[in-house]
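Below you'll find the structure, written out as structure tokens, and then a few comments.
The values are calculated or read from the model by the stated rules, or taken from the named source; none is laboratory data. The structure displayed is predicted, hence computed values, not measured ones. Cβ atoms come from the backbone with ideal geometry, glycine included; neighbour counts cover every protein chain shown.
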There are 2 protein chains.
Amino acid sequence: MMKKIPHRIYLTEEQMPKQWYNLRADMKELPAPMMNPATLRPATEEDLYPVFCKELAHQEMDDKTRYVPIPDEILEFYKMYRPSPLIRAYNLEKALGTPAKIYYKFEGNNTSGSHKLNSAVAQAYYAKKQGLKSLTTETGAGQWGTALAEACSFFGIPLTVFMVKASYEQKPFRKAIIQTFDANVIASPSNTTDAGRKILQENPETSGSLGCAISEAVEKAVTTPDCRYVLGSVLNQVLLHQSIIGLESKIAMESIGEYPDVIIGCAGGGSNLGGLIAPFMQDKLTGKANPRMVAVEPASCPSLTRGKYAYDFCDTGKITPMAKMYTLGCEFIPAPNHAGGLRYHGMSPVLSKLYHDGYMEAVAVQQTKVFNAATLFAKQETILPAPESAHAIYAAIEEALKCKETGEEKTILFGLTGTGYFDMTAYTSYLEGKMNDFIPTDEDLQKGFDKLPKIPGIQG
Amino acid sequence: MMKKIPHRIYLTEEQMPKQWYNLRADMKELPAPMMNPATLRPATEEDLYPVFCKELAHQEMDDKTRYVPIPDEILEFYKMYRPSPLIRAYNLEKALGTPAKIYYKFEGNNTSGSHKLNSAVAQAYYAKKQGLKSLTTETGAGQWGTALAEACSFFGIPLTVFMVKASYEQKPFRKAIIQTFDANVIASPSNTTDAGRKILQENPETSGSLGCAISEAVEKAVTTPDCRYVLGSVLNQVLLHQSIIGLESKIAMESIGEYPDVIIGCAGGGSNLGGLIAPFMQDKLTGKANPRMVAVEPASCPSLTRGKYAYDFCDTGKITPMAKMYTLGCEFIPAPNHAGGLRYHGMSPVLSKLYHDGYMEAVAVQQTKVFNAATLFAKQETILPAPESAHAIYAAIEEALKCKETGEEKTILFGLTGTGYFDMTAYTSYLEGKMNDFIPTDEDLQKGFDKLPKIPGIQG
């Protein structure tokens, strides 16, 4: 009799990856370079020094180094909450009656409640090492703010978090947990920055957006001595750190003789998806294997499926470098009835390029379907997922049901990025039948596209 | 060089215990029998059938069977979220500068957020197996209600949860998560039961209590066909199921060549503490080892340290059997400013007996000190603890600091029962300096003692 695969596969400390994997080193064509909005020339590493600490600016630009050693201090921190389990969803499979084998990598078992801690600890560590005196960031749903507050508290670096006003008001417990880790939380837009004041002047009633909070955090970083800005998604450096998710997943799957036919992740800015797929995409880029990879995004913020592949600012205030990515326009704000995260107007330039070149698929899903999948999953697998993560659950269930029709025994791997503990308002709204779907019209989206920046000779 | 002990020790599925351990089988003197309030005679297994399903009534009374096989269906459920990690608190040790080795068993990595799921799944399974059609229970802080809702949803048994009104109103997210798992949640006291109506009549403004919610849940169970009551603490059967915590801890410690000098757990009704210490207490009772064991309770609800060892009802409405235990009187309600759980008026009869016979110590701690320990721990170990669990953290830190003075390299094991995600109101109150301590006066407590039941020939 074949030995049954355990429900949960944990790597030992010895098995844990000691290096991050830099996907760009294996890409046939690299993403287009970031553009300095002042010079309209490709940004250099030095251009980034006022915003990011030096090591992170280097990681942002380095598309050559394939494997980056994880510093010991970060490895030690990882060992406090990692390895995260790879879990075989036996009960979900049974409930669906599918011949497919469903695995998920669960990143929610730490106090930040999500995978965001993987990059937060790296960014806080490098800032500390450079002798910086403080950091700034933004947070939307609050997972990133919590993760970075934890990391900064551990390394003893003061942190200011610009929290999207809608979240600040609707998620007081998220704010409280960030404050428990000593961070200063400011509702964005605020009157503490020029960018915030400008946005408030134009729209005093705004509930804020990620792009706007980024503008404020970057402004505060560049105008405060020995202060830098850190970001929880989109960036190359973040995908590098998050590769720990995929690397652990791959080792764990190998240890049980498995390899995924399809890999599914939710996609907002791309931090989780980029990390999860990294080593599998390496196999695809180098011809070793050919798994399908699927990005799942909300229908209310469909950057990959309905956005333009173009240069755009990373923030609403237009003070960051421009990146070529799938974007809905940097002033796009998703409908207020959209629950949870995945609200960013753009998508990681690396993932955008891979999607553009056909290495990756994307689907957009309406949120009532997502919550339907979330509650089904919770009842079968005992984990209440974050709404973000539940996008991947929905797509994994769809794949598994297709296998039921065709009889294929596919191996599905999806990323379960976090828990839904702080999203109970959304769950209640779903339970009470008060949750709506919202799909922007083509006209809605065109307004965003019309405002994309013009770059002579590159983008008209 | 000696191999460094990993931060997290996970058992494999093969190493996981297949049997629960029944501590009573090794006790030199057994706890006094439960008393039927109608007959004032020791309760029989049959007396319990209207309240508990048969297998659980049997487990409640069985003080002979040392090891009880865990049914396969429960083992399979355990494998979805267990083994829970045994964690070496390297960073806490470093922050304290102690030579002590601190380990904790973390039970918060499941959606119920605590160890309560260990008994919930067992109780739901046996009820299903007996063909029961519904269950009732009460919940205070909400951990038990969440856990049982998860288990009942998995086994397809409708559940009604009487939630202490104060929690119902102050913890809407707790209510929401219980509802997500399909349970019916009623604020207690309610007008759906005689017990609730009576309490409301006497005190219309009451914010409820655990004892009162138990009365309502028991009444509904015994007056509804094919319905039974389940309880998350205090009972012998609960301690039996929770022995999984201690059994896993012991195997994990043995695997790294460790044995605890002192074992520390928070104590409300005793479910976590009783489970954690079980196999170590076996060693103590059988003379194999002599570890210290410490119960940590809130100063505002000090059943062990200031209660009377006497027969008392398990509920405020006085409809349950009477148990001999340390109690503050079944009408005792802790001060409303007391955060979190550990609010029960009594203590597990097994633990009460062991404490009475000198096998166990107890301390009472004020809550501001508890939250101080909780935030220190969170910043060092990245886990935000439940206020309940933080009682054990406080005492573990005190032990470690004593070791710092004496230079002793003691091995400390404590139970980290759950996460504080649903306790952010209390954390905020602590952060803002608005948290008060409350210690009942001797006169306060005497009022409870004066109402202890009279049992001719046994208790005057």
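In segment B:245-254, the residue that is surrounded by the fewest Cβ atoms within 10 Å (Cβ to Cβ) out of those that are among the hydrophobic types (A, V, I, L, M, F, W, C) and under 17 Å from B:Asn118 (Cα atoms) is B:Leu247.
You will find that of B:Thr316, B:Thr320, B:Thr327, the residue that is at pLDDT below 95, of a type in the set (Val, Ile, Thr) and under 29 Å from B:Lys28 (Cα atoms) is B:Thr320 and no other. Taking each residue of segment A:288-314 that is surrounded by fewer than 23 Cβ atoms within 10 Å (Cβ to Cβ) and looking for partners that are part of a loop (DSSP other than H, G, I, E, B) and of a type in the set (Asp, Glu) with beta-carbon atoms closer than 8 Å, six or more apart or interchain, yields A:Pro291/A:Asp261; A:Arg292/A:Asp261; A:Ala299/A:Asp437; A:Ser300/A:Asp437. Looking only at segment A:353-403, which residues are touching an Asp or Glu at 6+ places or on another chain (Cβ under 7 Å) and of a type in the set (Val, Ile, Thr)? The answer is A:Thr368, A:Thr382. For segment A:255-266, the condition holds for no residue, the condition being that it is in a helix (DSSP H, G or I), crowded, with 23+ Cβ neighbours inside 10 Å, in contact (Cβ under 8 Å) with a residue 60 or more places away in the chain and over 18 Å from the mean Cα position of the chain (by Cα).
The number of residues in segment B:1-27 that are part of a loop (DSSP other than H, G, I, E, B), within 23 Å of the chain's Cα centre (by Cα) and away from chain A (no Cβ under 14 Å) comes to 4. Of all residues in segment A:150-166, those being out of contact with any strand residue (DSSP E or B) (no Cβ under 7 Å at 6 or more places or on another chain) and crowded, with 21+ Cβ neighbours inside 10 Å number 4. The residues listed here are B:Glu398, B:Glu432; of these, the one that is free of Cβ contacts under 8 Å to residues at least 40 places away in the same chain and exposed (fewer than 14 other Cβ atoms within 10 Å of the Cβ) is B:Glu432. Of all residues in segment B:176-200, those satisfying the criterion of being within 22 Å of B:Thr417 (Cα to Cα) and buried (at least 24 other Cβ atoms within 10 Å of the Cβ) are B:Ile177, B:Ile178, B:Phe181. One residue is enough: does segment B:434-454 have a residue meeting the conditions within 14 Å of chain A (Cβ to nearest Cβ) and either part of a helix (DSSP H, G or I) or at positive phi (or both)? No, the conditions are met nowhere in segment B:434-454. Surrounded by 20 or more Cβ atoms within 10 Å (Cβ to Cβ) and at negative phi: is that true of B:Ala339 in this structure? Yes; evaluated as a whole, the condition is true for this residue. Contact annotation: residue pairs with Cβ atoms under 8 Å, 6 or more positions apart or on different chains, pairing a residue in segment B:136-155 that is within 14 Å of chain A (Cβ to nearest Cβ) and at positive phi with a partner that is crowded, with 24+ Cβ neighbours inside 10 Å and assigned to a strand (DSSP E or B), are B:Gly142/B:Met163. The set of residues in segment B:209-228 being surrounded by 24 or more Cβ atoms within 10 Å (Cβ to Cβ) and within 19 Å of B:Lys116 (Cβ to Cβ) consists of B:Ser209, B:Leu210, B:Gly211, B:Ala213, B:Ile214, B:Ala217, B:Val218, B:Arg228. Among the residues of segment B:50-60, those identified as modelled with pLDDT of 95 or more and surrounded by fewer than 20 Cβ atoms within 10 Å (Cβ to Cβ) are B:Lys54, B:Glu55, B:His58. The C-beta contact set for segment B:360-374 (first residue assigned by TED's automatic domain parsing to the domain that holds B:Leu96, second residue of a type in the set (D, E, K, R) and crowded, with 22+ Cβ neighbours inside 10 Å, distance under 7 angstrom, 6+ apart or interchain) comprises B:Ala362/B:Glu297; B:Ala364/B:Glu297.
The helices (runs of 4 or more DSSP H) falling completely within segment A:163-209 that include 2 or more residues that are within 12 Å of chain B (Cβ to nearest Cβ) map to A:172-180.
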